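See below for the structure under consideration.
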Ligand code: BTN
């Protein structure tokens, strides 16, 4: 394994044995693959899943050299300050329900973050967690499926914890935030990881056992754009209207300027001044 060598700076690294001992569940987080450095935990998790890795295995890295965000964007992944991990899931869901995994992760993330900061985190459909309009966390889920069944989903999560705005590249400094910037103090990354995996395990269980209906009230409570005028851009269209919430498949419902309800399944949501 590669060592992290950062100019004599003492970095506090994750101890996954300690994390495992604190985990009271074994469905998710039963096995960790820990890396000091990785291109992308999602890419590595995908390869392991293709080789038959079990549900719940977690691939986690102190830093990523090619951290991936949605829509081909880059995810800034500096060493030993944040969480970057991917969970291998083999859900008992149909392919049509696969987007609900991302929404489920949004609930688990929001509930976790809520416990560490004073402000209320907000979900920006489909997968961003924002505080005060700045991005704190993101989810990248990638599924291997046929028209009906899912073989596996790689649920990748990036959560900014001790990443100070002064260290962020200028292009994200105005748009991103971290728990440390919000509270003024560094947070114990292992405690956040333990709580997040517990919450993911619980929410994932609810999704599989009772369907997304069981999570939707909590998703709705964190949804920050209800009634807001938004612009949605995707490969097919640019749509402007008022966000109404999500339907049971997880599609974003927009009331367009003609008063018609449109369902959006993918894209980037840009809040507009009302
Ligand atoms: C987004 O908001 O655009 C999604 C960001 C997802 C980033 C995480 S970090 C761990 C995992 N590995 C990646 O390469 N991406 C995800």
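Derivation of every value follows stated rules applied to the coordinates shown; laboratory data play no part. Given the structure is predicted, the values throughout are model-derived calculations rather than measurements. Backbone-built Cβ (ideal geometry, glycine too); neighbour counts: all protein chains shown.
The average projected area of the stretch 118-212, computed from the convex hull of its Cα atoms over all directions, is 7.9 nm². Exposure proxy for 168, 253: other Cβ atoms within 10 Å of each Cβ, ordered fewest to most, give 253, 168. As a proxy for reagent exposure, 201, 15 were ordered by neighbouring Cβ count within 10 angstrom, fewest first; the result is 15, 201. Please say if the stretch 1-138 is rounded, prolate or oblate, where rounded means a/c under 1.5 for a ≥ b ≥ c the square roots of the C-alpha gyration tensor eigenvalues, and otherwise the choice is prolate for a/b larger than b/c and oblate otherwise? Since a/c stays below 1.5, the shape of the stretch 1-138 is classed as rounded.
Using the count of nearby Cβ atoms within 10 Å as a rough guide to exposure, how do 223, 35 rank from fewest to most?
Ranked by crowding around the Cβ, least crowded first: 35, 223.
Of the peptides 127-140, 110-123, the ranking by mean beta-carbon count within 10 Å, highest at the top, reads 127-140, 110-123. For the stretch 24-75, the alpha-carbon coordinates run over 33, 22, 17 Å along the three principal axes, in decreasing order.
Beta bridges per DSSP, both residues in the stretch 123-237: antiparallel share near 90 percent.
The distance from the alpha carbon centre of the stretch 187-221 to that of the stretch 163-186 is 25 Å, rounded to a whole number. log10 I(q)/I(0), Debye, Cα-only the chain, no solvent, q = 0.09, 0.10, 0.14 Å⁻¹? Rounded to two decimals, the profile gives -0.40, -0.50, -1.00. Once Rh is set to the Kirkwood radius over Cα pairs, what Stokes-Einstein translational diffusion coefficient, in µm²/s, holds for the stretch 62-139 at a temperature of 25 °C and a viscosity of 0.890 mPa s? Answer from the Stokes-Einstein relation: 176 µm²/s. Placing a pseudo-label 7 Å from each Cα along the Cα-to-Cβ vector at residue 171 and residue 114 gives an inter-label distance of 3.4 nm.
For n ≥ 4 DSSP H runs only, could you compute -39500 (n - 2.57) per run for the chain, divide by its residues and tell me the 222 nm figure to the nearest 500?
-7500 deg cm²/dmol
When the Gaussian network model of the chain links Cα atoms closer than 10 Å, the mean-square fluctuations of 238, 187, 43 top out at 238.
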